[in-house]
Every structure is written in C-alpha cells, then in structure tokens.
Amino acid sequence: MKKIPSTIDNQIFKEDVLEVLYNRYSVIGPIWTKQQMEWANGIYQTFKDHDKFLLIVYIIKNTLDFYSHNFVKLSYDEFYSHDTVEIRKFNTIDLSNALNIPKESTRRKIIELQKAGAIKKDTKKFIIDRSAFPLIKPIKSTVRIARFLAVFSNLLVEENILPKPFKSENIEKILKKNFSYIWKIYYEMQIPMLLSWKKVFKDLETWHIWAVCAVNQHLAYSTKERKENHIEKNRDDFLNELLYSDNLINSHGINAMSLSDITGIPRATVIRKLNNLIKLNHLKIDSKKHYRLTGKNSGQKFQIQKDTITQLANFSTIIYNLMVVSEKEL
C-alpha cells in the first residue's frame, strides 16, 4: 500500500492512478466502458453522422487550445452563455488530414454543416452556432464523468492514493468551474481514441456497433464474475478471459435489433456493418443470432484500449488534483 503524502498539496500522480486502473480493471473497466458507450451514442444522435460530430468537436477543441494558450479559463455557464462561439480559422485540407476523412467528404460535410446553420462565416470570422445542434452541449457527459470519477475515487482511497473519496456533485462543480480547460483535456483523450478505432474499422459507425458488443460483454462478464467468485482481475487477465475463456455463456451476445436501439443507427445499416464485421473476424454470431467478440485481430485493439486507459489516468489525475486544491471551496 502506498503512503498518503503528508505534504501540503497532497499531489496525486498519474502513475499511481494508472496502476489502479490496470490492477483493478475488472471493477472499474466495465463502469468506464459503459459511460464511453453512452457518450458514443450521444455522438451519433447529434448529427446522425459520426464524422460531422468529429469535425465540430475538433474545431471547438482548437478554440479551447487557443483559450488555454492565452490563459483564458471559462466556466460551463460562461462558455454556454451564448449560442454562438467564435472559432479559429480552419482549413479543409488540414481537417481532412487530421481526422482521416477524405478531402471531398470533409468539404461536403462542412458545406452541409454550413447549410444547417451549425457553422457560419461572418466577414472574416468563423462562428459555430450551437443552437443548430443543442445535443452537443455536454449536460449528460459532465454528470456521467462526475459519477465515474466518484466511484473511482473510492478505489483510490482503498489504495491510499486519495485521502478520501469525492462526491459526484462536488466533482461536477469542479468540472463546470474549470470547463474550458477540462474539456480541452477531455477532447485530447477522446479524439485520438476515435481516430485510432477509425483506422481499425475504417469508419466510426462500424466501430460504434462493435464497441457496443464489447461493452455488453464487459458488463455481462463482470456481473458473472462477481456472482461466482468475486475475484478481481487486472486488465490483461480480464480481457484475455473475456475473449478466450471456454466458460463464456451465449447470453453475453447481443442481437441486431438491440444494437440498433442502443446506438440509434438504422437497423439495415447495423445488419450490413455486422456482416462485414463477421467477414473480417471482428465478431461472430451464434444460433440465436447474438453477436459477440472474437479473439482475432486483438493485438491492435488491446493497444488502443491501453492508450485510452493511459489517457484516462492522466485526465482523472488532473481532476483529482483540482479537487484536492479546491477542497476548501466545496
């Protein structure tokens, strides 16, 4: 067990947080993947187009970078006090290269966003009008992240990394108070994750469908393990057993109708993507037409998941250190 620092700042270190994420993955991993699935569902609902969402958040993230570099920090209420926000000038080719979207598709989607009123050009300025897509406002995301970090803080207390657990409502206050800074870091975690999965699956709709299958198995398998023997597993053991164990039950799969209902993606598209996922050995189907993961092509997926967990440790550490520093204000 690590000794709680006695220094005045009680600083939390990313390496310690990452170690808990890895060693106690069977406890915290399913909770994290569930909130990621809910975030992905929100991505699709915003525009019914993952790439349009990616374009908008990337442009917003560049603006948040500008704020950060110039020591501007906006609260949630300040950032959303107006429907419009001025954004840094962008180049279609740069967006295409950064987000791995073909140039013509990028140009077309930007035009569609302009026609929908989401992006506007006012003389020399570019403006995002959030009233055209109200679902982008992260009302549920801030609540989900605060709840996750509150649960995770209990594990960190057990490992003597945090002096005490934090309540979700207090975490949410800190998220909103430091919104422009924290959301920049949040996007720095989520955008590379999306781009990495896009390289594997070629498009984000396919990844989204596969990811829901993965989360479904995370949740079902973790519940089964808790009921049977309450043995905790580290990340590698959990994922390997999830993929390769002979004792897995068929109920860990999920059908096409449920996938469509959860993601919001039309059922015909879901079925077409599922067939392709089976051909590429990313998924398999049983006699009940339930889809589940295979152990094939797992190396690259494991690495992406590992990179995301590392970024999650960094994000969590920043929030917890803000909580420690701001404790008197709460």
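The values are calculated or read from the model by the stated rules, or taken from the named source; none is laboratory data. What you see is a predicted model; the values in this text were computed from it and never measured. Cβ sites come from the backbone with ideal geometry, for glycine too, and all protein chains shown count toward neighbours. Surface accessibility is based on the protein's heavy atoms, side chains included, excluding ligands, DNA and RNA. Shrake-Rupley method; radii C 1.70, N 1.55, O 1.52, S 1.80 Å.
The smallest convex shape that holds all Cα atoms of the chain, its convex hull, gives 142 Å³ per residue. Between amide H atoms placed 1.01 Å from N, distances below 5 Å from Phe126 occur with Ile87, all of them 5 or more places distant or on a separate chain. Each listed q (0.12, 0.19, 0.20, 0.22 Å⁻¹) maps to a log10 I(q)/I(0) for the range 46-133, found by the Debye formula over equal Cα scatterers with no solvent: -0.36, -0.91, -1.00, -1.19. Of Arg88, Arg147, Arg108, the residue with the greatest mean-square motion in the GNM of the chain, using alpha carbon springs below 10 Å, is Arg108. Taking a straight Cα-Cα cut-off under 14 Å and skipping sequence neighbours fewer than 8 places away in the same chain, the aspartates and glutamates within cross-link reach of Lys89 are Asp65, Asp122. Share of carbon and sulfur in the accessible area of the range 45-139 stands at 50%, probe radius 1.4 Å. Annotation: amide H-H contacts under 5 Å for Thr84 (H modelled 1.01 Å from N, sequence separation of 5 or more, or interchain): Arg130. Residue-wise HN-Hα couplings along the range 41-53, as the Karplus relation 6.51 cos²θ - 1.76 cosθ + 1.60 with θ = phi - 60° gives them from phi, are 4, x, 3, 5, 5, 4, 10, 6, 7, 4, 5, 5, 4 Hz; Gly and Pro carry x.
Rolling a 1.4 Å probe over the protein heavy atoms gives the chain an accessible area of 50 Å² per residue. Rounded to the nearest 500, the 222 nm mean residue ellipticity of the chain from helices alone is -21500 deg cm²/dmol, with -39,500 (n - 2.57) taken per DSSP H run of at least 4 residues.
The local environment of Glu38, defined by Cβ-Cβ distances under 14 Å, has a net charge of +3 under the rule Lys, Arg +1 and Asp, Glu -1.
Partners of Lys177 within straight-line reach, counting lysines whose Cα lies under 23 Å from its Cα and excluding those fewer than 8 residues away in the same chain: Lys14, Lys61, Lys73, Lys137, Lys140, Lys164, Lys167, Lys328.
Overall, the range 105-153 carries a charge dipole of about 140 debye about its Cα centre when +1 sits on the Cβ of Lys and Arg and -1 on the Cβ of Asp and Glu, all other atoms neutral.
Think of the range 116-212 as a dipole: +1 on every Lys or Arg Cβ, -1 on every Asp or Glu Cβ, centred on the Cα centre; then among Phe148, Leu195, Phe179, Phe179 lies furthest on the positive end.
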